[in-house]
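Scroll down for the structure; my scribbles are underneath it.
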Amino acid sequence: MEVQMPFSTKNRIAMHTQQHYPRQLDDLPQDVLSEILVYSSNCHLVCVSRAVHGCLHPARLTPSIDRARYLLNVARVRLQEKTAASSSRQGGIPILPVLAANVAGQLPGLRRKLKRAAAAAAAEEQAHTAWTSLTRAECAARALNVGVRMRLLDTNLLRHLDRYADGQLVRLTTTRKRTLPRWLAARLGIDPGALPLLRALLDRGMTADTGFAVLSAAKAGQVEVLRKLRALGFPLDTKDGLAVLLAVEENHDGTALQFLLDSGIVPPPAALDTAVRRALSPALDVLDSNNGMSGSSSDRKRRKLEKVAPACPVPPPVCLSSTCHVLVAAGTRVEDSAVTMAITAYPSLPLTDIRVLLDAMRRRGVRPGDTCFDTAARNKPHANALIELLIQYGGAPPLKLARAAILGK
């Protein structure tokens with residue numbers, strides 16, 4: 001009786017191969033993948049496919065020493081490519097003229113091929129010499145510049161680069177403006193290791209940016225990040241107080257706004273306008289909808305013939321928020337736009353809140369403008385009271401309102 005084997009030889013070989021040999025790239029051990037990426041030194045290798053990107057992305061090199069080796073090899077390859085390209089543009093080194101003259105008479109076109117081969121060999125030798133002629137500190141500095149652009153830095157990697165440079169502090173040597181990169185500024189509030197890295201890069205020649213880090217922290221309401229940035233020498237009063245405006249627009253709990261004001265930042269007038277608009281938005285939205293409730297053209301004709309006024313909802317009562325009072329107390333310049341919104345919301349807004357804004361204008365020696373009078377004149381039920389209030393605070397009504405008041409009398 002013939003005994004049947006459960007698996008044929010072919011199946012056993014296939015199972016053995018499946019168990020002992022990887023079928024795909026991601027089946028390789030992580031240390032092998034790290035070696036492949038380090039020795040390839042090709043930044044575009046991870047763009048071949050998603051699988052290769054997931055397996056060979058430099059960010060997956062968890063040991064910092066592997067990322068340091070990768071950056072050193074990438075810096076070497078980039079320097080060699082740049083040197084080879086410049087050498088090829090210069091034409092390389094010509095071949096011996098005697099050999100070229102003898103060969104040119106026998107085989108047409110061989111002179112051009114020999115010249116290209118000699119130029120390529122010279123460029124390769126020159127590229128190799130360009131890297132070997134650098135000191136270890138210069139190589140580490142080039143690797144640090146590459147790491148800033150590729151977003152692969154951390155404090156442990158910097159230590160490995162310093163160790164490669166024989167204990168010297170590796171500094172940035174790029175010719176461009178060495179400001180704080182935005183990818184690092186965006187990580188300040190979410191990555192605990194971003195702030196020590198920022199401090200280390202500032203010691204290595206990086207300067208403060210034009211305000212992106214401060215503005216990002218103010219927009220996110222991160223008071224601790226703002227406090228640490230100020231301790232590191234970052235100016236909080238950047239772009240004419242834009243950090244205060246962003247803190248008001250995002251409407252956080254107010255701690256970031258109070259910290260910025262305590263730091264001596266003068267709030268821009270747009271910050272108070274934003275706070276007033278947010279506080280009065282329930283009443284202003286209803287008034288805007290009432291002014292736009294005309295409906296279709298047929299509805300407008302029917303109301304005009306029947307003399308029927310559309311039903312308008314009553315605006316809810318509103319008041320100035322605590323943010324508005326904080327900004328007014330900080331000496332923010334009150335402009336006509338804020339007073340105009342307050343006059344539009346009257347009588348839903350108490351008259352005392354309007355006086356708060358007008359008092360702030362009087363303290364700075366500013367008088368209500370024509371826009372305030374025009375808005376008060378359009379608030380028909382309360383136009384006279386509002387105009388008298390504006391006159392009390394030093395406002396001069398425009399000529400057309402004065403003429404209308406005289407003719408009206």
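The values are calculated or read from the model by the stated rules, or taken from the named source; none is laboratory data. Keep in mind that this is a model prediction, so the values were computed, not measured. Reconstructed Cβ throughout: ideal geometry from the backbone, glycine too, with neighbour counts over all protein chains shown. Heads up: the accessible areas ignore ligands, DNA and RNA and are worked out on the full protein's heavy atoms, side chains in. Shrake-Rupley method; radii C 1.70, N 1.55, O 1.52, S 1.80 Å.
General observations
- Restricting attention to region 132-149, the residues being among the basic types (K, R) and over 16 Å from M206 (Cβ atoms) number 1.
- Matching option when the condition is without any contact (Cβ under 8 Å) to a residue 24 or more places away in the chain and either in a helix (DSSP H, G or I) or crowded, with 21+ Cβ neighbours inside 10 Å (or both), among A342, A385: A385
- Output for region 175-192, where each listed residue is exposed (fewer than 14 other Cβ atoms within 10 Å of the Cβ), out of contact with any Leu (no Cβ under 9 Å at 6 or more places or on another chain) and not hydrophobic (A, V, I, L, M, F, W, C): T175, R176, K177, R182, P192
- Candidates L172, L246 - the one that is within 30 Å of S322 (Cβ to Cβ) and free of Cβ contacts under 8 Å to residues at least 60 places away in the same chain: L246
- Complete set of residues in region 349-382 that are in contact with an Asp or Glu (Cβ under 7 Å, 6 or more places away or on another chain) and assigned to a loop (DSSP other than H, G, I, E, B): P368, G369
- Residues of region 315-339 that are open to solvent by 60 Å² or more (accessible area, probe 1.4 Å) and touching a residue at least 24 places away in the same chain (Cβ under 8 Å): P317, C319, S322, H325, R333, E335.
- In this entry, T332 is excluded by the filter for residues that are at pLDDT 90 or above, within 27 Å of the chain's Cα centre (by Cα) and of a type in the set (V, I, T).
- Residue among R163, R151 that alone is among the charged types (D, E, K, R), out of contact with any strand residue (DSSP E or B) (no Cβ under 8 Å at 6 or more places or on another chain) and touching a residue at least 12 places away in the same chain (Cβ under 8 Å): R151
- Figure legend. Inter-residue proximity from region 188-211: first residues touching a residue at least 24 places away in the same chain (Cβ under 8 Å) and outside any helix (DSSP H, G or I), second residues open to solvent by 50 Å² or more (accessible area, probe 1.4 Å) and of a type in the set (K, R), beta-carbon distance below 6 Å, spacing 6+ or different chains. Indicated pairs: R204/R171; G205/R171; G205/R178; M206/R178; T207/R178; G211/K239.
- Checking each residue in region 153-167 for being part of a loop (DSSP other than H, G, I, E, B) and either more than 14 Å from L72 (Cα to Cα) or of a type in the set (D, E) (or both) picks out D154, D166, G167.
- The residues in region 193-243 that are hydroxyl-bearing (S, T, Y) and buried (at least 16 other Cβ atoms within 10 Å of the Cβ) can be counted, and the count is 2.
- Verdict on V170 being open to solvent by less than 10 Å² (accessible area, probe 1.4 Å), part of a loop (DSSP other than H, G, I, E, B) and touching a Leu at 6+ places or on another chain (Cβ under 7 Å): yes
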